[in-house]
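This report refers to the structure that appears directly beneath it.
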Amino acid sequence: MRPLVLAAAGLVLAFPIAALAADIPVDHISLPAPAARSVHLGFPVGDLRVEASNDSRVTLEVTAHCKGWRSDDCEERAKRIRIETDASGGKIDLQVRGYPKLAGFDLRGVLRVPANMDLDLDMGVGDLRVADVAGDLSVDLGVGDAEIRTVAGAVHSVDVAAGIGDADVITHGNHVRRHGFIGSTASWDEGRGRSSVNLHVGVGDATVRID
């Protein structure tokens, strides 16, 4: 019977841990973008995913994932985070504000934009994934890994740089890669589209995949 008792005790302990694993909604915006030509996002720390949307709205959803046992305190700190918006002059500017120095949680963001809009991303620390954005794309990430996926029919040129890390441009039958402890770069300009992709990572790996 002892193994069953231990298993039951472990199961009881697992419930509060599982409860802490849930994401906490932080803030959410949805803006019409019929007149806007570009989107700028400032995202401080965390994981960010960017996806192309089929509609004419720009949406940003931010959640927090608590770490450790002090979930109540974590939720209170997470509630201080907000998305500030400015839609003027043909550009939508989004800024995620209020990230505390001792957060105790992982911040996660999902940005959806119309596929042909230009996009400018400014991130501090974290991992970035971008998929199917067909407009001009400019990314500056301080620390972390970034991967961008696009198609040759949408993009004309790609420039990738990593201060400390690897820079890669991967296409069908071609892999442009420059290793280096400091100053890795990779470029490609054989696309059939109009847009340009510029990706810079200070510390981490920078990758652009062209399908």
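HN-Hα J couplings of the stretch 94-101 from phi, Karplus 6.51/-1.76/1.60, θ = phi - 60°, integer Hz, Gly and Pro as x?
Whole-Hz 3J(HN,Hα) from phi for the stretch 94-101: 10, 10, 8, 10, x, 6, x, 5.
Using θ = phi - 60° and the Karplus curve 6.51 cos²θ - 1.76 cosθ + 1.60, what whole-Hz ³J(HN,Hα) does each residue of the stretch 30-47 get, with Gly and Pro shown as x?
9, 10, x, 9, x, 9, 7, 9, 8, 10, 10, 10, x, 10, x, 9, x, 9
With every atom except the alpha carbons ignored, what do you get for Rg and Dmax of the stretch 90-175, in angstroms?
14.7, 46
What spacing in nm lies between the two simple spin-label points modelled at Asp23 and Arg82, each 7 Å away from Cα in the Cβ direction?
Label at Asp23, label at Arg82, 2.3 nm between them.
Bin by bin, in steps of 5 Å, what percent of the Cα pairs in the stretch 37-190 do you find, going until the bin that has the longest distance?
Result, from short to long distances: 2, 8, 17, 19, 18, 15, 11, 7, 3, 1, 0 percent.
Looking at the stretch 86-115, which trypsin sites (Lys or Arg not before Pro) are in a loop (DSSP not H, G, I, E or B) and have at most 12 other Cβ atoms within 10 Å?
Hits after loop and neighbour filter: Lys101.
Taking 0.36 nm per residue of separation and subtracting the Cα-Cα distance, what length does fully extending Ala35 through Asp55 add?
Computed gain between Ala35 and Asp55 is 5.9 nm.
Give me the net charge for the shell around Arg57: Cβ to Cβ below 14 angstrom, other residues only, Lys and Arg +1, Asp and Glu -1.
-2
Throw me the Rg/Rh for the stretch 135-211, computed over C-alpha atoms with Kirkwood Rh, two decimals.
With Rh from the inverse mean 1/r over Cα pairs, Rg/Rh is 0.95.
Taking the Cβ-Cβ separation of Arg194 and Gln95 as r and a Förster radius of 35 Å, what is the calculated FRET efficiency to the nearest 0.05?
Working from the Cβ atoms, E equals 0.80.
Bear in mind that the values in this text are calculations on the coordinates, not laboratory data. Everything numeric in this text was worked out from a predicted model, so none of it was measured. Methodologically, a virtual Cβ is constructed for each residue, glycine included, from the backbone with ideal geometry; neighbour enumeration extends over all protein chains shown.
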